[in-house]
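Input: a single structure, listed below in structure tokens.
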Amino acid sequence: MIVNSRMEQYLSHLLDEHTNQMNISIDQAEIQNLVTPYFFEWDQCVLLKQSSVEELPVSFVPNSYLLDRTAFEAYYNHIHLNDCINSTSRSYHLLQTAIEIIEIWKITLSNQFKNRKRFIIILSYDAEDCVLRFHTLREEERSWLNVDSLESYAEGIMMIEV
């Protein structure tokens, strides 16, 4: 696990925070796709089945925004937890939920793609917005995030290799 200093602060605060009363609502249909994920292969990519995503094209075609399959996966496989979990308090509930989802994804990806593929799971968090994404680690393509530039991000960043 690699984290920037901002994420270290969030994680230490999460460990220090006591249970607080929160008014939250969870979209059960949306969160179900995350806690019981279905990963599938499409044109040399591994994708997370999502309920609210447009149809896939016949094959991957690079463009100026999505230069390679790694970028496509990072784009397609990104989830804004704020869309699934609404909290009326500024809490670390989203961050805690994201960490729990990461553990599920790690186990599921590892079991499903045993030694055939490696993955990078990325969590970004800024005390308001929480985004999870992942991509396949490819030797011929760069990772979606450069480890050497993590400190340049204003939000907390966590990268985990599976």
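The values are calculated or read from the model by the stated rules, or taken from the named source; none is laboratory data. Every value quoted in this text rests on a predicted model; they were computed, and no experiment measured them. Every residue, glycine as well, gets a Cβ built from its backbone with ideal geometry; the counts of neighbours run over all protein chains shown. Protein only, heavy atoms only, side chains kept; ligands, DNA and RNA dropped before computing areas. Shrake-Rupley method; radii C 1.70, N 1.55, O 1.52, S 1.80 Å.
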**Residue that is modelled with the highest pLDDT [pool: residues in region 90-101 that are over 12 Å from the mean Cα position of the chain (by Cα) and open to solvent by 40 Å² or more (accessible area, probe 1.4 Å)]** = Gln96
**Fill in**
Residue hits (region 102-122; surrounded by 12 or more Cβ atoms within 10 Å (Cβ to Cβ) and either part of a loop (DSSP other than H, G, I, E, B) or of a type in the set (Lys, Arg) (or both)) are Lys106, Phe113, Lys117, Arg118
**Prompt:** Considering only region 123-162, how many residues are in a loop (DSSP other than H, G, I, E, B) and of a type outside the set (Val, Ile, Thr)?
**Reply:** 17
**Prompt:** Taking region 123-162, which residues are acidic (Asp, Glu) and open to solvent by 50 Å² or more (accessible area, probe 1.4 Å)?
**Reply:** Asp126, Glu128, Asp129, Glu139, Glu140, Asp148, Glu151, Glu155, Glu161
**Item:** Breaking point among (1) in contact with a strand residue (DSSP E or B) (Cβ under 6 Å, 6 or more places away or on another chain); (2) outside any loop (DSSP other than H, G, I, E, B), for Gln96
**Value:** (1)
